[in-house]
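> Handing you a structure now.
Coordinate-derived values only; no laboratory data. What you are looking at is a predicted structure, and each value in this text was computed from that prediction instead of being measured. With ideal geometry, Cβ positions are generated from the backbone for all residues, glycine too; neighbour counts draw on all protein chains shown.
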């Protein structure tokens, strides 16, 4: 799978996910370390990468734009977790959420929780 890691996640996470066979870049690797959410969103979509973050504001951008890609993987309570622990949470759940991610989804991973919401978010047929 192709991932783009946001600035709020350690670059060390790249190595763990690459070792598991994934194509992973960190926003700092492509000079987007201080980029806006919209710029990161466009980069993930253009490069067909799943964005992995530890904060929720990207979901708002997906809802506002009614986008179907890129998929967004949110790691809940990532603060204080080591990159190896974050990688374990992602890799443990990846086979369960892979079809959803490939179709376009927001996936929220917690230590003991998993939520999936298919994209687009907030379309008239879903909200009304």
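> Sum -39500 (n - 2.57) across every DSSP H segment of at least 4 residues in the chain, then divide by the residue count to get the 222 nm mean residue ellipticity, nearest 500.
-12000 deg cm²/dmol
> Below 8 Å between Cα atoms, with a sequence gap of 6+, how large is the relative contact order for the chain in percent?
Answer for the chain is 24 percent.
> Rank these for me by crowding, 24, 39, going from fewest to most other beta carbons within 10 Å.
Fewest-to-most ranking of 24, 39: 39, 24.
> Going by C-beta contacts inside 10 Å, put 57, 37 in order with the fewest on the left.
By the 10 Å Cβ count, ascending: 57, 37.
> Mind checking the angle between helix 83-103 and the chain's longest principal axis? C-alpha axes, 0 to 90 degrees, to the nearest 10.
The angle comes out at about 30 degrees.
> For the chain, find the longest principal axis of its Cα atoms and tell me its angle to the long axis of helix 37-46, 0 to 90°, nearest 10.
90 degrees
> Follow-up. Pull up the DSSP beta bridges for the chain and report the antiparallel fraction as a percent, rounded to 5.
Percentage antiparallel, nearest 5: 25.
> Something else about it: In the range 6-128, what is the volume of the convex hull around the alpha carbon atoms, normalised per residue and reported in Å³?
So the per-residue hull volume is 103 Å³.
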